[in-house]
Amino acid sequence: MKRADGELILLWTLPAVGLIWLAAFLLFPGFVQPMSPALSAEEVAAFYRDPENLPRIRYSMIVFNWFAVGLVPILALIVLQIRRMAHRTPIFSYAILACAAGGPTIFLMANLFWLTAAFRPERDPQQTLMFNDLAWVTFSSQVGFLIAQSVILALAIYLDRQERPVFRPWVAHFNLVVAVLLIPAAFVGLAMEGPIAWDGLLSFWVRNVAIGLWIVVMGVVLGQAINRQRADEESTSA
């Protein structure tokens, strides 16, 4: 089996990751209608104690856990493509590798806090509120790895001076736009309501749509790059 064939197999895990994310999003009752950070401790506790919400929270967080793990293959494929770019230094691939370790970990931490809040719904409402806050603030505000990842990838693409670059320049432009769209989410700790609150337009909807769009677009351009490499390997061996 050619090396590009193995990469193509990893790439085809991406549709499954997308389905897992969609399932977790629709299953978790706190996403379809984002919970407000202004809810009182009693209201948050009631959300977790609701007999309809509780199983959905638990199962959705188990599903969400697999989404975080499922991001690893696509990030590894991006690292491999950067290594094929015409750079005099491997620093870009190392930097992306570090970001790839951080991003999924943040999702896993948020997942853990939501699951912990639902594990003992009978606990003191103030404790449930704390775990709920930890989950939402972690999930929403920790976008630093994702921003750095997009910016570093854009720089690597701009500096790829090959006659036929791995990714076209528009992919770099797209990554910078995504990085900009993620910035407002870093400030969710400053607002209880409005567009930058964790349930707000910028911090929830724009952020999540940007991440979803990034996964789709990068999946498509990775597929194109891998298929080109596969064709080159076949023509070389012919």
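The values are calculated or read from the model by the stated rules, or taken from the named source; none is laboratory data. Quick caveat, the model's predicted, so the values are computed rather than measured. Virtual Cβ from ideal backbone geometry, glycine too; neighbours counted across all protein chains shown.
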Can you pull out the residues in segment 9-39 that are within 17 Å of ALA117 (Cβ to Cβ) and of a type in the set (Phe, Trp, Tyr)?
PHE28, PHE31
Restricting to segment 61-92, what's the tally of residues that are under 16 Å from ALA148 (Cα atoms) and free of Cβ contacts under 8 Å to residues at least 24 places away in the same chain?
2
Residue among TRP205, TRP198, TRP136 that is aromatic (Phe, Trp, Tyr), surrounded by fewer than 19 Cβ atoms within 10 Å (Cβ to Cβ) and over 13 Å from the mean Cα position of the chain (by Cα):
TRP205
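Is it fair to say ALA24 is part of a helix (DSSP H, G or I), at pLDDT 85 or above and more than 20 Å from the chain's Cα centre (by Cα)?
Working: part of a helix (DSSP H, G or I): yes; at pLDDT 85 or above: yes; more than 20 Å from the chain's Cα centre (by Cα): no.
So ALA24 fails the test.
Let's see how each residue does on (1) farther than 21 Å from THR13 by Cα; (2) of a type in the set (Asp, Glu):
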{"position": "GLN149", "(1), (2)": "no, no"}
{"position": "TRP170", "(1), (2)": "yes, no"}
{"position": "HIS173", "(1), (2)": "yes, no"}
{"position": "VAL178", "(1), (2)": "yes, no"}
{"position": "ASP199", "(1), (2)": "yes, yes"}
{"position": "VAL209", "(1), (2)": "no, no"}
{"position": "GLY223", "(1), (2)": "no, no"}
{"position": "ASN227", "(1), (2)": "no, no"}
{"position": "SER235", "(1), (2)": "yes, no"}
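Being more than 20 Å from the chain's Cα centre (by Cα) and crowded, with 21+ Cβ neighbours inside 10 Å narrows it down to one residue among VAL143, VAL166, VAL178; which is it?
Exactly one of VAL143, VAL166, VAL178 is more than 20 Å from the chain's Cα centre (by Cα) and crowded, with 21+ Cβ neighbours inside 10 Å, namely VAL166.
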